[in-house]
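Read the structure below first, then the notes.
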Amino acid sequence: MSCKDCFAIEPVEDQGELRIRPYSISLANAIKAAGYDIAGVKSMGIIPYTSLEELMRLLKLLGELQQLLTVSLALYITGKKGVGLHERWLSLQQLEIRFSHDNLINIISNHDFCSYLQPIVNVTEEIVGFEFLLRPLQNGSYFQPYELFEIARQTGFHSFLDRAARVSAIESSAKLLPKGIKRFINFLPSSIYNPQYCLTHTFEAIDRLNQDPKDFVFEVVETENIANIAHLHTIFAEYRRQGMHVALDDVGTGYSTVELMCSLKPDYVKIDRELISNCDEDAVKQSTILDIMSRAAEFGAKVLAEGIERREEFLFCRDIGIDLAQGYLFGKPEELPPAHFIYSV
């Protein structure tokens, strides 16, 4: 078994074959009537194309036929060299999005991104770790990280991007940080079909770079609704089996509810920046934060306050017993770790 979306993105060549399923006589007749050759092989139709312009015309035709015949077509594009090692069947909508955002797909395919580091400090403002965040290369094509992940999701490449981002963060951490400093790295639960297989590249990178698994904290990003809690438990268990820690991001708002936190029992609980903002002046926020802390204490998690921009927010969080803090007050995401902080290893 393998992680089907974790393989490299094959470029679309200017000559090749467009493969379609399901194949039917009515579909074949309509395609031939439009002037194209098509051959049926079992349940699949194969149409040769000789230019990208011809391929785009074919996709437009298939979009019209899909509506007319009321079928949902799956498509696979292979170059003139033949079928690649791993077939990637996509819907027409996914292919349309891919071609309309070709610049972002190229960024994903070519790994044209890097990891920035944002410091995480303890109550004495010593750096104990960094969160690694995906950013454009200094002289590369610009992108918004959220947009890049969204296009990857819509085109079926989010597992590939999520894995590549994790490996990028691990490699950056090995170059830039001393051992003993925590490295917080995001992951998308939906990108990991089977933890035992889909996380192999992550674990191999840590081992290859002679890094200590205990230094790594893998955190669930806030952009996904966690529909399958049992699956996420399995992912957490695999990370922990490999000697790593896990975190739940943005607890208190959105998808990361207090109930989800209590079910998952992560090693680190990151309180959402919306709750932290002006928390020193808001009694309702203070009550919610104290409730999160109380529940996290029941399973021994460390609590981290995110998005701290004002010293008053940090002092309040420190005084009520929050363990860790992160935000612009201590440093923005940068390519290199700040040299002026004291490290606590």
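The values are calculated or read from the model by the stated rules, or taken from the named source; none is laboratory data. Worth saying up front: this structure is predicted, and the values here are computed from it rather than measured. FYI the Cβ positions are ideal-geometry reconstructions off the backbone, even for glycines, and counts take in every protein chain you see. The accessibility values were calculated without ligands, DNA or RNA, using every heavy atom of the protein model including side chains. Shrake-Rupley method; radii C 1.70, N 1.55, O 1.52, S 1.80 Å.
Observations, loosely collected:
- The range 144-159, subset surrounded by 21 or more Cβ atoms within 10 Å (Cβ to Cβ) and of a type in the set (Phe, Trp, Tyr), residue farthest from residue 218 (Cα to Cα): 157
- Qualifying residue in the range 213-222 (condition: among the hydrophobic types (A, V, I, L, M, F, W, C), touching a Leu at 6+ places or on another chain (Cβ under 8 Å) and under 23 Å from residue 305 (Cβ atoms)): yes
- Residues in the range 260-297 that are surrounded by fewer than 22 Cβ atoms within 10 Å (Cβ to Cβ), over 28 Å from the mean Cα position of the chain (by Cα) and of a type in the set (A, V, I, L, M, F, W, C): 283, 284, 290, 297.
- The range 138-159, subset of a type in the set (Ser, Thr, Tyr) and in contact with a Ser or Thr (Cβ under 9 Å, 6 or more places away or on another chain), residue farthest from residue 188 (Cα to Cα): 146
- In the range 247-259, the condition of being charged (D, E, K, R), open to solvent by 20 Å² or more (accessible area, probe 1.4 Å) and out of contact with any helix residue (DSSP H, G or I) (no Cβ under 8 Å at 6 or more places or on another chain) is met by at least one residue.
- Among residues of the range 196-209 that are closer than 13 Å to residue 164 by Cβ, those with a beta-carbon under 8 Å from a residue that is part of a helix (DSSP H, G or I) and open to solvent by 10 Å² or more (accessible area, probe 1.4 Å) at least six positions away or on a different chain give the pairs 198/163; 201/163; 201/167; 202/163; 202/167; 205/167; 205/171.
- Across the range 306-329, a minimum of one residue is classified as touching a strand residue (DSSP E or B) at 6+ places or on another chain (Cβ under 7 Å), in a loop (DSSP other than H, G, I, E, B), open to solvent by 20 Å² or more (accessible area, probe 1.4 Å) and not polar (S, T, N, Q).
- Any pair with Cβ under 9 angstrom, 6 or more apart, that starts in the range 90-102 at a residue that is of a type in the set (Phe, Trp, Tyr) and ends at one that is not in a helix (DSSP H, G or I): 99/12
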